[in-house]
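The values are calculated or read from the model by the stated rules, or taken from the named source; none is laboratory data. Note that the coordinates shown come from a computational prediction; the quantities given were computed from them, not determined experimentally. Cβ sites come from the backbone with ideal geometry, for glycine too, and all protein chains shown count toward neighbours.
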């Protein structure tokens, strides 16, 4: 009979090696049946596998399609684990408000980031797509998040990111939140122009920025 540590390692490997969802869910159910804490499964199984998957993506071994599949594995595993987390809360590392800016309805990158951020311990409030600067400002005022994530795939909607930053400045809410930009259209030059804190090339880097900010 395998130990708890071996079971958790198997869960992590199933994600990092992109094994079948059936295999992953079997391992998660096995861990639950062995009375492994759902918090431990997330912290030492899913999160470890996510970390290893991210490293393989950043090294160029995996590509976007593999990252998408890995994110779907996490999502399916969480559907099994969530009911068991009702009485046992994972200590949130911080809160993120997230959305795709007004005029853009692309959400694949945003959704991958959300899954990875949640698996890393963040409480994520997803505002969806086509979100106005005013709605971002209101949500920041209501939630007081640590990070505001703005996503845009289209160059034609980049100006909405700048307008959102301006809205926060007008409301005197800018200094209390880190602003993270994401999407293929975003550049480091543009990030500096509008006064955001970071621009992520992918979801892995985005979560890494958030982790660094929280640690500080």
Scanning segment 85-105 for residues that are in contact with a strand residue (DSSP E or B) (Cβ under 7 Å, 6 or more places away or on another chain) and at pLDDT 85 or above gives 94, 95, 96, 97, 98, 99, 100, 101, 102
Picked from segment 120-134 (must be touching a helix residue (DSSP H, G or I) at 6+ places or on another chain (Cβ under 7 Å) and not in a loop (DSSP other than H, G, I, E, B)), the residue modelled with the lowest pLDDT is 122
- Is there a residue in segment 25-35 that is closer than 19 Å to residue 118 by Cα, outside the structural domain of residue 129 (by TED's automatic domain parsing), modelled with pLDDT of 90 or more and buried (at least 20 other Cβ atoms within 10 Å of the Cβ)? yes
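Answer with yes or no whether residue 171 is touching a helix residue (DSSP H, G or I) at 6+ places or on another chain (Cβ under 6 Å), surrounded by fewer than 19 Cβ atoms within 10 Å (Cβ to Cβ), free of Cβ contacts under 8 Å to residues at least 40 places away in the same chain and closer than 23 Å to residue 67 by Cβ.
So residue 171 fails the test.
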ask   = If you check residue 111 against the conditions, is it surrounded by fewer than 16 Cβ atoms within 10 Å (Cβ to Cβ), within 19 Å of the chain's Cα centre (by Cα) and either under 16 Å from residue 203 (Cβ atoms) or modelled with pLDDT of 95 or more (or both)?
value = no
